[in-house]
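The next block holds one structure in the form of structure tokens; read it before the comments.
What follows is calculated from the coordinates using simple rules that are stated; it is not laboratory data. What you see is a predicted model, and the numbers here were worked out from it, not measured in a lab. Here the Cβ positions follow ideal geometry from the backbone for every residue, glycine too, while neighbour counts run over all protein chains shown.
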Amino acid sequence: MRISMPLTSLLAAATATGGLLLAAPGPAAAASTVEVTTAAQLKTALANAQPGATIHLADGTYTGNFDATTPATASARITLTGSARAVLTAGGGYGLHLDGASYWTVSGLTVTGGQKGIVIDAAKGVIVDGVTVHGLAMEGVHFRHSSTDGVIRNSRIYDTGNDGGGMGEGVYVGTAGTLSDRSDRVQILGNTIGPDVGGENVDVKEGTTGTRIIGNTFDGSGLTGANYDDSWVDVKGNDVLVQDNTGARTSNDGYQTHTQQPGWGCGTVFKGNTSTLTGATGPTRLAIDVTNYGTDCETTVYSSNTVTDGKGLTNVQVTG
């Protein structure tokens, strides 16, 4: 190796380091990228992925159910990426299952067919960015089994719940009927959800805390009324922020809060949402329908929320 430093500089460096010459650090090793063109290659890449790796999908159809179980780290994420023309197609089950796969990023690709689109189980810090999810029997994207600090953003979800049972939520956070699923601090940002979503566009379950629902566009034209799905968003968790969303085409309300378990469905803040209730036929027809309200379970509705048609903005006091 050739060293171009002057001799005097070398001696000074040696003296400063106790007689050792320290070489300047070289460039960091590039993170590995695995190029994938077939379903078999994708399954292998998912099974072998290590922190810092990228799995890049070529355009095409990948048929099957795809599972990731290796956790990455916050400083060395694993990325699964492709264009919207890279399509995971499941005949049943889950299209993409991130099971314990913390700190993965899924970007760009399309998931269709099967029971559910993207399911995140027991995983921290998962980011789903710019994906398309459609053509499903049940939910589009589900954060479940205490999957914390997840994000879904800039994505399109439509045509879900095709089994007709009212189980086709666009984004589902937590698990119904239990307080043990602490899928906390999930962020739902800048997505387009609907049309033909056969459940709420977003459903936030009891037991979860700190969900952020910001800047989304909701279309409730797929609401069926089964399992009480008659609003774009149903909040049953605590300390949820619902801000700067736009919604249209609902069967009844725009947003609802409910207490399914004592002490839950509280602390929601609604700010800057635009609701159009034209064509709604349900009994309440409010932009924001709060079903449990009091000093022990507060909900804050700001005057920056607006509504067109229906019976009004909300059934609780509005904050300036």
- The percentage of Cα-Cα pairs in segment 38-143 separated by more than 16 Å is 51
- Item | Residue-count net charge about Asp149 - beta-carbon cut-off 15 Å; Lys, Arg +1, Asp, Glu -1 | +2
- Note on the structure: Among Gln256, Val34, Gly91, the residue whose Cα sits farthest towards the positive end of the charge dipole of the chain (+1 at Cβ of Lys and Arg, -1 at Cβ of Asp and Glu, taken about the Cα centre) is Val34
- Calculate how steeply helix 7-16 sits against the longest principal axis of the alpha-carbon atoms of the chain, using the helix alpha-carbon long axis, and give the answer as 0 to 90 degrees to the nearest 10. 60
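Just the number: Rg to Rh for segment 217-273, Cα atoms, Kirkwood Rh, two decimals.
With Rh from the inverse mean 1/r over Cα pairs, Rg/Rh is 0.98.
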- Message: Through the Karplus equation 6.51 cos²θ - 1.76 cosθ + 1.60, θ set to phi - 60°, convert the phi angles of segment 219-233 into ³J(HN,Hα) values in whole Hz; use x for Gly and Pro.
- Response: 10, x, 5, x, 4, 10, x, 6, 6, 6, 7, 9, 7, 5, 10
- Task: Extending each Cα 7 Å along its Cβ direction at Thr38 and Asp59, get the distance between those two points in nm, one decimal.
- Result: 2.2
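Could you size up the charge dipole of segment 44-160 around its Cα centre, putting +1 on the beta carbon of Lys and Arg and -1 on that of Asp and Glu, and report it in debye to the nearest 20?
140
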- Note on the structure: Residues whose modelled amide H sits under 5 Å from the amide H of Val151, counting only those 5 or more places away in sequence or on another chain, are Val126, Ile127, Val128, Gln187
- Residues with amide H under 5 Å from that of Val111, placed H, sequence gap 5 or more: Leu88, Thr132, Val133, His134
- Item | Amide hydrogen neighbours beyond the local backbone of Thr54, cut-off 5 Å, H modeled | Ser32, Thr33, Val34, Thr79
- Item | Using θ = phi - 60° and Karplus 6.51 cos²θ - 1.76 cosθ + 1.60, couplings along segment 151-161 (whole Hz; Gly, Pro as x) | 9, 10, 9, 6, 10, 10, 10, 7, 6, 10, x
- Query: Put +1 on the Cβ of each Lys and Arg and -1 on the Cβ of each Asp and Glu in segment 31-319; which of Gly113, Ala45, Phe143 then has its Cα farthest toward the positive end of the dipole?
  - Reply: Ala45
- With +1 on each Lys and Arg Cβ and -1 on each Asp and Glu Cβ, and nothing else charged, work out how big the dipole of the chain is about its Cα centre, in Debye to the nearest 20. 1000
- Message: Can you give me the angle between helix 39-48 and the longest principal axis of the chain, using Cα atoms only, in degrees from 0 to 90, rounded to the nearest 10?
- Response: 70
- Query: Residue-wise, which Karplus ³J(HN,Hα) couplings in Hz belong to segment 108-115, taking 6.51 cos²θ - 1.76 cosθ + 1.60, θ = phi - 60°, and x for glycine or proline?
  - Reply: x, 6, 10, 10, 8, x, x, 7
- Note on the structure: Calculated from DSSP helices alone, with each H run of at least 4 adding -39500 (n - 2.57) and the total divided by the residues of the chain, [θ]222 nm to the nearest 500 comes to -2000 deg cm²/dmol
